[in-house]
Every structure is written in structure tokens, then in C-alpha cells.
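Okay, so here's the structure we're looking at.
The values are calculated or read from the model by the stated rules, or taken from the named source; none is laboratory data. No experiment lies behind these values; they were computed from the predicted model shown. FYI the Cβ positions are ideal-geometry reconstructions off the backbone, even for glycines, and counts take in every protein chain you see.
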Amino acid sequence: MCGICGFVNLNGTAADAAIIARMNRAMIHRGPDDEGVRINGDTAMAMRRLSIMDPAGGHQPISNEDGDLWIVFNGEIYNAGELRETLKKQGHRFETTTDTEAIVHQFEQDGIDGVHALRGMFSYALHDVRPEYGRRLLLVRDRLGIKPLYYYHDQKLLAFSSELTSLLQHPEIGREIDPAALNQYLATGIVASPATMFRNVRQLMPGHYLMLKDGKLTENAYWQVPEQSNLTTTFEEACSRTRALLEESVKEHLVSDVPVGAFLSGGIDSSTIVAMMAQASSRPITTFSVRFQGSGYDESAYARMVAERYQTEHYEFNVPDKGFDEELLRGMITHHGQPTADSSALPTFMVSSLARQHVKVVLSGDGGDECFAGYSHYGWLKKIGQLCALPLSLRKALLATLRGGANTALFGGVSRLRTVINALEASLAGKHRLPLEVLRLNGADSINSLLQPKWRMVDADVWQEIDDELANSDMDTVASAQRFSCRYFMPDAYLPKVDRMSMAASLEVRVPFLDHRLVEYALSLPGEMHWQKGMGKQVLRAAVSDLLPDDVFSHKKQGFSIPLHTWADEDYYKLAEDLLNEDAVRRRGIFDPIPVRRLIDRCRGKEQRRAAFESEYRLSHRLFQLVVFELWCRMYLDDLPEIPSLANKENVVRHD
């Protein structure tokens, strides 16, 4: 696991060693064990290394035998040993046993098509100076977007990095807000790739590569989220195949030259990974959990059940139910480099930081909900989809009536009314938009009332790219939602959170559920096979039913987010007041201070919350969203950190 960065001066001027050093230094947390830099004329590449495979011999950049193909690489290739043996038989000579060197020779053998042979998580830059091909730079990102890669391109420069803070160290890259990205953030709390919050700074899409040749930059897809298959299979066959693919994936993900542990939340996904690790490993597994004290978010009892069953060396990290820490929040923001309203990044940072005291690598259950339809809102989507069969005019009339009632004193406090209003609002956007609409923090009208006029956009324009991808789908509701999650929320929210917060602690996290063969198979199955009788993950549940205690399957699924409405204390609200008071909001010039003031007052109980329109959960996250955004503005627009800040995690976590 590493961090990579680099740039090419497209006007041919020599690359500045001070710039690449500054970019690389900003990622020291991603690779505290080693660093490497290569400058060749107008091109510079660098990396920071966390030594996992061949710790002694894996220094990067690495080249082929002739020294005319050079690579910097972030990630792990789990079938590197197989590739190495095949390539040796084809005449390639290896100097190390690292997976990095296997990628170089695979490209030398098969060109860009060699990426199809790679199984793992990765982003890499490959500089090809072979005379017969001209000077080329190739940037590649893994199929599911597990590993990040950001880039900036104009007439004079192509720059790239694993993290935004590193990329922005290049002095030619500006820091202006992208209005569409801002509107997306206010809608959902994240920004949809390929955009970032910075105008003209992009993410390389999962399953894509960039090729720079003769000054021209082209982007192509080598893999896409698969469509639902027309092949027929029985439920029993699906369960058997799922079990086999997942067991194989877990075994491959255990390949390491250092000890491997696991995150264990007590849910089905992480518990399954731990069970299969225990079966595949000859030594005890070390597991790590977060416990939210006094909170309905806590699953630690179920994690202990699994830990006891498989005799793991289990550690719990207790998070108090109250106690805001501004330093921790600033650390979250600087490691992301752009605002994110996902409060689960904070406990992820905590458990990663403390797991790193014991191991360098952990496996996690991320990706199981997307592949096997585990989210509870998938069932809600099925019900809302039925509303779309009603005439549009009828839905609009009914919604207007209910909104009117919700604005009255008699019905404004009826929380059940909110469920119907939200369902009708979601149905108006079209069936293909339902997966997005049910996850909104703010509707289009609310966003427009919050923003100053120059920042407002038509909602259809904000989501044009995703609309184009989803509008023509004829899949069932659950299958469509799975693909939306794999396209949007997983690579733009959940995977970045895990990558940034674990790498902030110099910890590598591997995700066996996202082996691309398992993903392809799971998504080939009908959504209705995964979701039956009002419950998701039916295929996975049946496939691993013998591995876990019954209580793990039967207990209600919990989130991993901070319970903001109880966690917020006077220190938190003092920060919110400092960041979002009327003078500060007017100076920033993005938001209208009146709705911001009312939001703070509702969160503090100074103004009555209308239960028919907003839940306590949504209300608290809307304020958190604005607090994070203004902090980010001050750190990245008014200033620029040279390296991400590291939080004093001992103040907020107790290790029992």
C-alpha cells in the first residue's frame, strides 16, 4: 500500500524537483516506510511506501529489465505470484518478488490489455519511454475504485496524486469551487466522480485509464459495472457459487509478508470475513471493533459472539456517546481533501489508528451491502416504485395536500407523515432516480433556498451524467439500486472514507467482497433473488448460514455513523456558531444566512423541529454538512495545508 503522485510539463520544461518533493511529502502517512522519486526530463513521479509485500526489496519506482518502463503503484495484486511465474516462462526477468514489478512486465507483455489479468486493488502510473512507442504516461485505476487517483489537466500540465492535498501542492493548480459539485454535496453529502469540489480537478473513474501520448490525453474504460444476466440459475446454485467465490477471495486477500487482522462490526459482512479468515489461517486472527457507548448504533455484543466462536484476539475501542473533538474533525477533512458529510469517517479513523498498533493490514466487510442488497432502503425503494404506477398528476396533488397538512400545528409533529411525503417526493423524480432521492439530505428546493442565487443550479443539470447512465435501465428496482450504489455511493463515499481514514493511520484495508469476479457474479443475479420477504442478502445469508451465530443474522442492522444528535455538545455548537454566524456566512458569499441560522436553532432546540418534514438524524447531519464545508473552505480556499493534520485520537477513544 502506498501513495503515488507525479506530473508532466506539457510544454517540455524540466520537472521541478522541489514540487514533486512537496507533493510526495504531503502523503507521508500513506507510506512511512520508504519513498522514491524519479525525474526524467519533463516528467516526475514519486511514491510513499507502506511495506507489505517483499519489505526489503520493493523500493519504487520500479522498472523493467531495460529501464524504459517505470512504475509507481498503490495497492495490492493478489495474483501477482501466478503472473510472475507465467511471465518468467515468457522470458521476463524479475529483480524482486513485489506485485509492483509484475505489473510492469505484464504491461510489457500485453500492453494496456494486461490490466485484465490483475486481481486486486490498485492505482498506478506507468511511464513508457521505449523509442518505438514514443513517450507515454499511463494512469490506471482498479475496477471498483478501491484505490483513489485524482488528476488535473490543462494545456501546460498533467498532474496526478492519490490524495487531493498532495495534488494541490503543485503551484499551477487553482482552488475554486465547482458549482455542480457544491450542489451535489448539499444534496447527498458527497461529490459524484469524476468531479471533485475543485473546478478542473477530476477523479479517474473506477475501471478507467488515462493515456498521455504526443501531448494528447485520452480516457477509456476497461471494465464497467456489469448488467443483470439473462442466465437462469437456482437459488441453491447461487448460494454455492457465492460461497466458493468468497472463500477464494478471502484466501487471496490473506497473502501478505506481515500479519493480517480484521475489522469486526458484528454485522453479517465483517463476521463472514472473519469466519472465513479463521478457517483459512493457521494462526489466530486479531479483530477490532468500535463500541458506541450508550447508543443504539452499537453492535459490539454481536462482534464478541463471533470473536468468541473463532477465538480471535479481540480488541474493542469505546467511543463516548458525547464529546466533540475539533481536531479529529479537522483531521478527517484534510485527509479527504474535500468536504464529506459522512460522520462514520470519524469512528473509522479511530479504529484504524488503534488497529495499527497491532497490525499493518486488516480485512473488512465493505462491499457486501452493495453486492448482495443489504441496505434497508432497498426494500423501501420497492414500495416507492409502486407509487410510480399512479398518474403523475395524482401524486402531485396528494403531495401538495400532505405538505399543507404538515405545515399546520395539528399535523406538523406527526413523524409518520414524513415517510409518505418523502416517498411521494422521491417518486416525482422518476423511477430511475429513486436510489438517489431516498438518500438525499436536502431536496432541490431546500438547496436553492440555502444557496445565494449565483450558486444555484437546475437539479437535472447537477445530476445529468448519472441520469444518462440510469435512465434507460429496465432492471428490477433492487438490481438498479445495487448498480447505483456501486457507481456512486460506494466509490465516492464509502471506499474513500475507508481508504483515507485507514491510510491516515498507515493501515492497509483490504475488501474481499470487492473481488471483481464475485461482484460480477453477485450483480448478474436478479435483484429479487437477493431481496425476498422484506429482507436483503438472502443469497449471502444462505451461503454462509453455517458460519455465524443465529443472532448475527437476526439482529437489526446498525449504521457505523456517529450519533450526531447525542454526540453534539456545547463545544460542537460553539464551533458551529463561530463558523456559521451571520457575518461569517455573508463573507463567504455562498449561503443565505437566514436559513443557516434557522437550521442551527432547530438543532439546538431553540426552534421547533417539524417531525413531519425532518427527522432528528437528518437535521443533525444537515448542520454537520455545513460545519464540515465551512471548515474545509477555511483550510483549503483561505489557506492550504502542506500535509494532512493528525488528530489526537487518544482524547476521544478508550481502548479496553
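Can you tell me which residue within the range 25-54, out of those that are surrounded by 20 or more Cβ atoms within 10 Å (Cβ to Cβ) and in contact with a Lys or Arg (Cβ under 6 Å, 6 or more places away or on another chain), is nearest to G67 (Cα to Cα)? Applying the filter and picking the extreme gives M45. Considering only the range 280-288, I want to know if a residue exists there that is assigned to a helix (DSSP H, G or I), surrounded by fewer than 20 Cβ atoms within 10 Å (Cβ to Cβ) and touching a helix residue (DSSP H, G or I) at 6+ places or on another chain (Cβ under 8 Å). Checked the range 280-288: at least one residue is assigned to a helix (DSSP H, G or I), surrounded by fewer than 20 Cβ atoms within 10 Å (Cβ to Cβ) and touching a helix residue (DSSP H, G or I) at 6+ places or on another chain (Cβ under 8 Å). Scanning the range 183-203 for residues that are hydrophobic (A, V, I, L, M, F, W, C) and surrounded by fewer than 22 Cβ atoms within 10 Å (Cβ to Cβ) turns up just one, A195. Residue count for the range 104-118, restricted to those that are surrounded by 22 or more Cβ atoms within 10 Å (Cβ to Cβ) and either touching a Phe, Trp or Tyr at 6+ places or on another chain (Cβ under 6 Å) or among the small types (G, A, S) (or both): 1.
Scanning the range 348-365 for residues that are surrounded by fewer than 24 Cβ atoms within 10 Å (Cβ to Cβ) and under 25 Å from L186 (Cα atoms) gives no hits. The set of residues in the range 224-248 being out of contact with any helix residue (DSSP H, G or I) (no Cβ under 7 Å at 6 or more places or on another chain) and either β-branched (V, I, T) or closer than 24 Å to F489 by Cβ (or both) consists of Q224, E227, T232, T233, T234.
To keep it simple, each residue is scored yes or no on (1) among the acidic types (D, E); (2) assigned to a helix (DSSP H, G or I); (3) at pLDDT 80 or above.
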site: L381; (1), (2), (3): no, yes, yes
site: L390; (1), (2), (3): no, no, yes
site: L394; (1), (2), (3): no, yes, yes
site: A397; (1), (2), (3): no, yes, yes
site: R403; (1), (2), (3): no, yes, no
site: T408; (1), (2), (3): no, no, no
site: L441; (1), (2), (3): no, no, yes
site: S449; (1), (2), (3): no, yes, yes
site: D461; (1), (2), (3): yes, yes, yes
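When the range 215-226 is examined, which residues are found to be of a type in the set (D, E, K, R) and surrounded by 13 or more Cβ atoms within 10 Å (Cβ to Cβ)?
Of the range 215-226, the ones of a type in the set (D, E, K, R) are 216, 219.
Listed by number, the list holds a single entry, E219.
What number of residues in the range 215-229 are among the hydroxyl-bearing types (S, T, Y) and either touching a Pro at 6+ places or on another chain (Cβ under 6 Å) or in contact (Cβ under 8 Å) with a residue 60 or more places away in the chain (or both)? Please lay out each step first, then the result.
First, the residues of the range 215-229 that are among the hydroxyl-bearing types (S, T, Y): 218, 222, 229.
Subsequent filtering for residues that are either touching a Pro at 6+ places or on another chain (Cβ under 6 Å) or in contact (Cβ under 8 Å) with a residue 60 or more places away in the chain (or both) retains 222, 229.
Summing the residues that are among the hydroxyl-bearing types (S, T, Y) and either touching a Pro at 6+ places or on another chain (Cβ under 6 Å) or in contact (Cβ under 8 Å) with a residue 60 or more places away in the chain (or both) in the range 215-229 gives 2.
Here is a list: E236, E313, E308. Which entry is touching a Ser or Thr at 6+ places or on another chain (Cβ under 9 Å) and surrounded by fewer than 20 Cβ atoms within 10 Å (Cβ to Cβ)? Even if it seems obvious, please write down each step before you answer.
Working: E236 fails: touching a Ser or Thr at 6+ places or on another chain (Cβ under 9 Å); E308 fails: touching a Ser or Thr at 6+ places or on another chain (Cβ under 9 Å).
Just a single option satisfies the conditions, and that option is E313.
When you look at D445, is it among the acidic types (D, E) and outside any helix (DSSP H, G or I), yes or no? When the stated conditions are applied, D445 does not pass them.
Out of curiosity, is L69 farther than 30 Å from W632 by Cβ, buried (at least 18 other Cβ atoms within 10 Å of the Cβ) and without any contact (Cβ under 8 Å) to a residue 40 or more places away in the chain? First the steps, then the outcome.
Numbers: farther than 30 Å from W632 by Cβ: yes; buried (at least 18 other Cβ atoms within 10 Å of the Cβ): yes; without any contact (Cβ under 8 Å) to a residue 40 or more places away in the chain: no.
No: the conditions fail for L69.
When the residues of the range 123-168 are filtered to those that are more than 27 Å from the chain's Cα centre (by Cα) and in a strand (DSSP E or B), the one that is nearest to G12 (Cα to Cα) is L157.
Condition first: in contact (Cβ under 8 Å) with a residue 60 or more places away in the chain and polar (S, T, N, Q). Can you find one or more residues in the range 142-161 that meet it? Yes, because at least one residue in the range 142-161 is in contact (Cβ under 8 Å) with a residue 60 or more places away in the chain and polar (S, T, N, Q). Every condition in (1) among the small types (G, A, S); (2) farther than 24 Å from S193 by Cβ; (3) at pLDDT below 85; (4) out of contact with any strand residue (DSSP E or B) (no Cβ under 8 Å at 6 or more places or on another chain) is met by S343 except one, and the failing one is (2).
Going through I594, I643 one at a time, which residue ends up being in a loop (DSSP other than H, G, I, E, B), of a type in the set (V, I, T) and either surrounded by fewer than 20 Cβ atoms within 10 Å (Cβ to Cβ) or in contact with a His (Cβ under 7 Å, 6 or more places away or on another chain) (or both)? So that I can check it myself, show each step before the final result.
Numbers: I594 fails: in a loop (DSSP other than H, G, I, E, B).
Criteria check complete, one pass: I643.
Restricting attention to the range 230-275, the residues that are assigned to a loop (DSSP other than H, G, I, E, B) and touching a residue at least 40 places away in the same chain (Cβ under 8 Å) add up to 12. Take the conditions (1) touching a residue at least 12 places away in the same chain (Cβ under 8 Å); (2) loosely packed, with under 15 Cβ neighbours inside 10 Å; (3) not acidic (D, E); L212 misses just one of them, which is (2).
Looking for something within 28 Å of G536 (Cβ to Cβ), not in a loop (DSSP other than H, G, I, E, B) and not assigned by TED's automatic domain parsing to the domain that holds G31 - is there at least one such residue anywhere in the range 319-338? Yes, because at least one residue in the range 319-338 is within 28 Å of G536 (Cβ to Cβ), not in a loop (DSSP other than H, G, I, E, B) and not assigned by TED's automatic domain parsing to the domain that holds G31. In this structure, does T100 turn out to be touching a Phe, Trp or Tyr at 6+ places or on another chain (Cβ under 8 Å) and among the hydroxyl-bearing types (S, T, Y)? Yes, satisfied. Inside the range 531-575, residues that are modelled with pLDDT under 80 and part of a helix (DSSP H, G or I) make up a count of 4. Is there a residue being farther than 30 Å from H253 by Cα and touching a residue at least 40 places away in the same chain (Cβ under 8 Å) anywhere in the range 477-499? Within the range 477-499, one or more residues are farther than 30 Å from H253 by Cα and touching a residue at least 40 places away in the same chain (Cβ under 8 Å).
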